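The values are calculated or read from the model by the stated rules, or taken from the named source; none is laboratory data. It should be emphasised that the depicted structure is a prediction, and the values quoted were computed from it without experimental measurement. Quick reminder, even Gly has a Cβ in these numbers, built from the backbone with ideal geometry, and neighbours come from all protein chains shown.
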Amino acid sequence: MPGLAVLEVLVHLELDADEIPADYVLVAIDLPDPVLVLPSDTVRDLSDETQTRAFGNQWLVDCSSFAIEVPSVTVPFGCNVLVDPQHPDIARVPTPAAHPLDWNRRLFRRDG
């Protein structure tokens, strides 16, 4: 869902319209099976960045799955799929086409 991916990026950016990034791209990939789904009791408070970062960092260290589905904190009932770029299965994923992201200026803070 590209819309959710864009929204997740915007949550972490604090930009004015004249600072819109020009180098962002969208890619779509077919994920190797299976995609691990984050168990609901793994992180007690999804809004606690310390907990979520600790979980994510440990997941990367463990290299236990190529991808993991996690709930979106930004959009209720949404989910994100995180990909471990160091996982051996990355070699099974064809190189995706990159599409320049044409940012809609209405998404950014207004000047003044």
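Enumerate the pairs (first residue in segment 56-77 and farther than 15 Å from VAL35 by Cα and not assigned by TED's automatic domain parsing to the domain that holds ARG44; second residue anywhere and in a strand (DSSP E or B) and hydroxyl-bearing (Ser, Thr, Tyr)) with beta-carbon separation below 8 Å, excluding pairs fewer than 6 apart on the same chain, so at least 6 apart or on different chains.
The qualifying pairs do not exist here.
Give the residues of segment 58-81 that are surrounded by fewer than 16 Cβ atoms within 10 Å (Cβ to Cβ) and touching a helix residue (DSSP H, G or I) at 6+ places or on another chain (Cβ under 7 Å), sorted by residue number.
Correct list: THR74, VAL75, GLY78.
Does PHE55 fit the bill of being over 17 Å from LEU4 (Cβ atoms) and in contact with a helix residue (DSSP H, G or I) (Cβ under 8 Å, 6 or more places away or on another chain)?
no
If I ask for residues that are small (Gly, Ala, Ser) and part of a strand (DSSP E or B), which ones from segment 57-112 would you list?
In the first step, residues of segment 57-112 are kept if they are small (Gly, Ala, Ser); the result is 64-65, 67, 72, 78, 91, 97-98, 112.
Once the filter is applied, which keeps residues that are small (Gly, Ala, Ser) and part of a strand (DSSP E or B), segment 57-112 yields only ALA67.
Any residue at all in segment 85-100 that's modelled with pLDDT of 85 or more, buried (at least 16 other Cβ atoms within 10 Å of the Cβ) and in contact with a Cys (Cβ under 6 Å, 6 or more places away or on another chain)?
For segment 85-100, residues modelled with pLDDT of 85 or more, buried (at least 16 other Cβ atoms within 10 Å of the Cβ) and in contact with a Cys (Cβ under 6 Å, 6 or more places away or on another chain): present.
Suppose the filter is under 25 Å from ILE20 (Cβ atoms) and in contact with a Ser or Thr (Cβ under 6 Å, 6 or more places away or on another chain); does ASN104 pass it? Don't jump to the end; show me each part of the working.
Working: under 25 Å from ILE20 (Cβ atoms): yes; in contact with a Ser or Thr (Cβ under 6 Å, 6 or more places away or on another chain): no.
When the stated conditions are applied, ASN104 does not pass them.
Within segment 14-41, count every residue that is in a loop (DSSP other than H, G, I, E, B), without any contact (Cβ under 8 Å) to a residue 40 or more places away in the chain and surrounded by 14 or more Cβ atoms within 10 Å (Cβ to Cβ).
Going through segment 14-41, the residues in a loop (DSSP other than H, G, I, E, B) turn out to be 14-15, 20-24, 27-35, 38-41.
Applying the additional criterion that residues be without any contact (Cβ under 8 Å) to a residue 40 or more places away in the chain yields 22-23, 33-34, 38-41.
Checking which are surrounded by 14 or more Cβ atoms within 10 Å (Cβ to Cβ) leaves us with 38.
Going through segment 14-41 one residue at a time, the tally reaches 1.
Kindly indicate whether ALA97 is over 23 Å from GLN51 (Cβ atoms), of a type in the set (Gly, Ala, Ser) and in contact (Cβ under 8 Å) with a residue 40 or more places away in the chain. So that I can check it myself, show each step before the final result.
Values: over 23 Å from GLN51 (Cβ atoms): yes; of a type in the set (Gly, Ala, Ser): yes; in contact (Cβ under 8 Å) with a residue 40 or more places away in the chain: yes.
Against the criterion (over 23 Å from GLN51 (Cβ atoms), of a type in the set (Gly, Ala, Ser) and in contact (Cβ under 8 Å) with a residue 40 or more places away in the chain), ALA97 qualifies.
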